[in-house]
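Below is one structure, written out as C-alpha coordinates; comments come after it.
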Amino acid sequence: ETVHLSTNVNPASLTSGVTPKVASGLTAAAFRADLATQLAIYTTANDSIADIILALPESLAISMSLMRNALGQKEWPDLTFTGGSIEGIPVIISNNGSSAEIDFIKGGDILVADGGVEIDMSQEASLVFTTTPASSPAATELVSLFQRNLVGIRVEKLITWKKGRSHSVQRITSAAYSS
(Lines give C-alpha, C1' and ligand atoms only; values in the text may rest on other atoms or scores of the structure.)
Protein backbone atom coordinates (compact mmCIF):
# COMPACT_ATOMS: atom_id res chain seq x y z
CA GLU A 1 0.00 0.00 0.00
CA THR A 2 1.26 3.47 -0.82
CA VAL A 3 1.30 5.90 2.09
CA HIS A 4 1.94 9.57 1.40
CA LEU A 5 4.00 11.89 3.59
CA SER A 6 2.13 13.41 6.51
CA THR A 7 4.36 15.97 8.24
CA ASN A 8 4.93 15.20 11.92
CA VAL A 9 2.80 12.05 11.57
CA ASN A 10 4.46 9.56 9.23
CA PRO A 11 6.99 9.38 6.41
CA ALA A 12 5.93 8.42 2.90
CA SER A 13 6.18 4.78 1.92
CA LEU A 14 9.02 3.96 -0.44
CA THR A 15 6.52 3.43 -3.24
CA SER A 16 4.90 6.85 -2.85
CA GLY A 17 5.21 8.80 -6.09
CA VAL A 18 6.29 5.75 -8.11
CA THR A 19 4.74 5.40 -11.56
CA PRO A 20 4.42 1.65 -12.00
CA LYS A 21 5.07 -0.19 -15.24
CA VAL A 22 2.49 -2.79 -16.23
CA ALA A 23 3.97 -6.20 -16.90
CA SER A 24 4.33 -6.89 -20.61
CA GLY A 25 3.17 -10.51 -20.39
CA LEU A 26 3.16 -13.72 -18.37
CA THR A 27 6.21 -15.58 -19.66
CA ALA A 28 9.82 -15.73 -18.56
CA ALA A 29 10.75 -13.79 -21.71
CA ALA A 30 8.26 -11.06 -20.75
CA PHE A 31 9.78 -10.88 -17.27
CA ARG A 32 13.29 -10.60 -18.70
CA ALA A 33 12.14 -7.75 -20.95
CA ASP A 34 10.43 -6.01 -18.01
CA LEU A 35 13.53 -6.53 -15.86
CA ALA A 36 15.75 -4.98 -18.55
CA THR A 37 13.38 -2.02 -18.88
CA GLN A 38 13.40 -1.37 -15.14
CA LEU A 39 17.18 -1.73 -14.83
CA ALA A 40 17.62 0.68 -17.75
CA ILE A 41 15.98 3.39 -15.65
CA TYR A 42 18.95 3.19 -13.26
CA THR A 43 21.68 2.84 -15.88
CA THR A 44 20.24 5.69 -17.98
CA ALA A 45 20.55 7.89 -14.88
CA ASN A 46 24.20 6.75 -14.63
CA ASP A 47 23.32 4.99 -11.39
CA SER A 48 24.79 1.65 -10.36
CA ILE A 49 22.48 -1.33 -10.08
CA ALA A 50 24.83 -3.08 -7.65
CA ASP A 51 22.65 -2.67 -4.55
CA ILE A 52 19.20 -3.20 -6.05
CA ILE A 53 16.93 -5.78 -4.48
CA LEU A 54 13.62 -7.14 -5.73
CA ALA A 55 10.67 -7.44 -3.35
CA LEU A 56 8.19 -10.11 -4.46
CA PRO A 57 5.06 -11.43 -2.81
CA GLU A 58 5.36 -15.06 -1.76
CA SER A 59 2.70 -16.26 -4.22
CA LEU A 60 4.54 -14.70 -7.17
CA ALA A 61 7.88 -16.11 -5.97
CA ILE A 62 6.29 -19.57 -5.88
CA SER A 63 4.92 -19.18 -9.42
CA MET A 64 8.21 -17.88 -10.78
CA SER A 65 10.31 -20.50 -9.00
CA LEU A 66 8.19 -23.22 -10.62
CA MET A 67 8.72 -21.86 -14.15
CA ARG A 68 10.62 -24.22 -16.46
CA ASN A 69 12.19 -23.73 -19.88
CA ALA A 70 11.71 -26.04 -22.87
CA LEU A 71 14.34 -28.43 -21.48
CA GLY A 72 12.59 -28.69 -18.10
CA GLN A 73 15.21 -26.59 -16.31
CA LYS A 74 14.31 -23.89 -13.78
CA GLU A 75 14.14 -20.43 -15.33
CA TRP A 76 15.62 -18.95 -12.15
CA PRO A 77 17.52 -21.70 -10.32
CA ASP A 78 18.34 -19.47 -7.33
CA LEU A 79 14.75 -18.40 -6.64
CA THR A 80 12.57 -20.12 -4.03
CA PHE A 81 9.39 -19.12 -2.20
CA THR A 82 11.63 -17.79 0.62
CA GLY A 83 13.72 -15.52 -1.64
CA GLY A 84 17.05 -16.03 -3.32
CA SER A 85 18.06 -14.21 -6.48
CA ILE A 86 17.03 -13.63 -10.07
CA GLU A 87 19.83 -12.99 -12.57
CA GLY A 88 22.09 -12.23 -9.61
CA ILE A 89 19.73 -9.65 -8.10
CA PRO A 90 18.76 -10.49 -4.48
CA VAL A 91 15.08 -11.24 -3.88
CA ILE A 92 13.25 -10.70 -0.61
CA ILE A 93 9.73 -11.87 0.07
CA SER A 94 7.22 -9.26 1.17
CA ASN A 95 3.48 -9.79 1.38
CA ASN A 96 2.78 -6.16 2.29
CA GLY A 97 1.73 -5.14 -1.21
CA SER A 98 -0.38 -6.63 -3.94
CA SER A 99 0.12 -10.25 -4.92
CA ALA A 100 1.00 -9.06 -8.44
CA GLU A 101 3.65 -6.39 -7.79
CA ILE A 102 7.42 -6.47 -7.96
CA ASP A 103 9.30 -3.62 -6.33
CA PHE A 104 12.84 -2.65 -7.28
CA ILE A 105 14.55 -0.98 -4.32
CA LYS A 106 18.00 0.60 -4.51
CA GLY A 107 19.01 0.23 -0.88
CA GLY A 108 21.89 2.73 -0.99
CA ASP A 109 19.47 5.46 -2.06
CA ILE A 110 17.18 5.09 0.94
CA LEU A 111 18.04 7.78 3.46
CA VAL A 112 17.27 6.91 7.08
CA ALA A 113 17.24 9.26 10.06
CA ASP A 114 17.21 7.57 13.45
CA GLY A 115 16.25 9.90 16.27
CA GLY A 116 16.86 7.28 18.91
CA VAL A 117 14.48 6.11 21.61
CA GLU A 118 12.48 8.19 24.05
CA ILE A 119 11.47 6.59 27.34
CA ASP A 120 9.08 8.28 29.76
CA MET A 121 7.45 7.01 32.93
CA SER A 122 4.70 8.28 35.14
CA GLN A 123 2.64 7.35 38.19
CA GLU A 124 0.16 10.21 37.64
CA ALA A 125 -2.01 8.81 34.89
CA SER A 126 -5.31 7.03 34.57
CA LEU A 127 -5.65 4.35 31.94
CA VAL A 128 -8.64 2.87 30.19
CA PHE A 129 -8.33 -0.84 29.39
CA THR A 130 -10.74 -1.70 26.62
CA THR A 131 -10.94 -3.67 23.41
CA THR A 132 -13.18 -0.97 21.92
CA PRO A 133 -11.15 2.26 22.14
CA ALA A 134 -13.85 4.32 20.43
CA SER A 135 -16.21 3.79 23.36
CA SER A 136 -16.64 6.45 26.02
CA PRO A 137 -14.18 6.29 28.96
CA ALA A 138 -17.15 6.91 31.28
CA ALA A 139 -18.54 3.51 30.26
CA THR A 140 -15.35 1.74 31.33
CA GLU A 141 -13.27 1.67 34.48
CA LEU A 142 -10.37 4.11 34.76
CA VAL A 143 -7.29 2.60 36.38
CA SER A 144 -5.28 5.12 38.40
CA LEU A 145 -1.57 4.31 38.39
CA PHE A 146 -1.06 6.39 41.55
CA GLN A 147 -3.84 4.70 43.54
CA ARG A 148 -2.60 1.24 42.61
CA ASN A 149 1.08 2.05 43.16
CA LEU A 150 1.86 1.35 39.49
CA VAL A 151 4.20 2.95 36.96
CA GLY A 152 3.35 3.47 33.31
CA ILE A 153 6.22 3.39 30.82
CA ARG A 154 6.00 4.87 27.32
CA VAL A 155 8.67 4.00 24.76
CA GLU A 156 8.85 5.72 21.36
CA LYS A 157 11.25 4.93 18.53
CA LEU A 158 11.78 8.00 16.38
CA ILE A 159 12.74 7.10 12.82
CA THR A 160 12.02 8.35 9.32
CA TRP A 161 13.17 7.62 5.77
CA LYS A 162 13.11 9.12 2.30
CA LYS A 163 14.15 8.14 -1.19
CA GLY A 164 17.42 9.81 -2.13
CA ARG A 165 16.56 9.94 -5.83
CA SER A 166 13.26 9.94 -7.65
CA HIS A 167 14.11 6.64 -9.38
CA SER A 168 15.34 4.83 -6.23
CA VAL A 169 12.23 2.64 -6.17
CA GLN A 170 10.47 1.21 -9.23
CA ARG A 171 7.49 -1.13 -9.55
CA ILE A 172 6.04 -3.63 -11.99
CA THR A 173 2.29 -4.22 -11.58
CA SER A 174 0.01 -6.91 -12.99
CA ALA A 175 2.94 -9.28 -12.62
CA ALA A 176 1.49 -12.76 -13.04
CA TYR A 177 4.53 -14.48 -14.52
CA SER A 178 3.87 -18.18 -14.42
CA SER A 179 4.23 -19.93 -17.75
Give all pairs with beta carbons closer than 7 Å in which a residue from the stretch 1-19 that is free of Cβ contacts under 8 Å to residues at least 24 places away in the same chain meets a residue that is open to solvent by 30 Å² or more (accessible area, probe 1.4 Å) and outside any loop (DSSP other than H, G, I, E, B); count only pairs at least 6 apart in sequence or on separate chains.
Val3/Asn10
Among strands (runs of 3 or more DSSP E) entirely within the stretch 105-167, at least 3 residues that are at pLDDT 90 or above occur in 110-122, 152-163
Yes or no: Ile53 within 18 Å of Arg171 (Cα to Cα) and touching a residue at least 12 places away in the same chain (Cβ under 8 Å)?
yes
Kindly evaluate Gln73 against the criterion of being within 21 Å of the chain's Cα centre (by Cα), more than 30 Å from Leu150 (Cα to Cα) and of a type outside the set (A, V, I, L, M, F, W, C).
no
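The values are calculated or read from the model by the stated rules, or taken from the named source; none is laboratory data. Keep in mind the model is a prediction, meaning the values are calculated, not measured. No Cβ is skipped: glycine too gets one built from the backbone with ideal geometry, and neighbour counts run over all protein chains shown. For accessibility, only protein heavy atoms count, side chains too; no ligands or nucleic acids. Shrake-Rupley method; radii C 1.70, N 1.55, O 1.52, S 1.80 Å.
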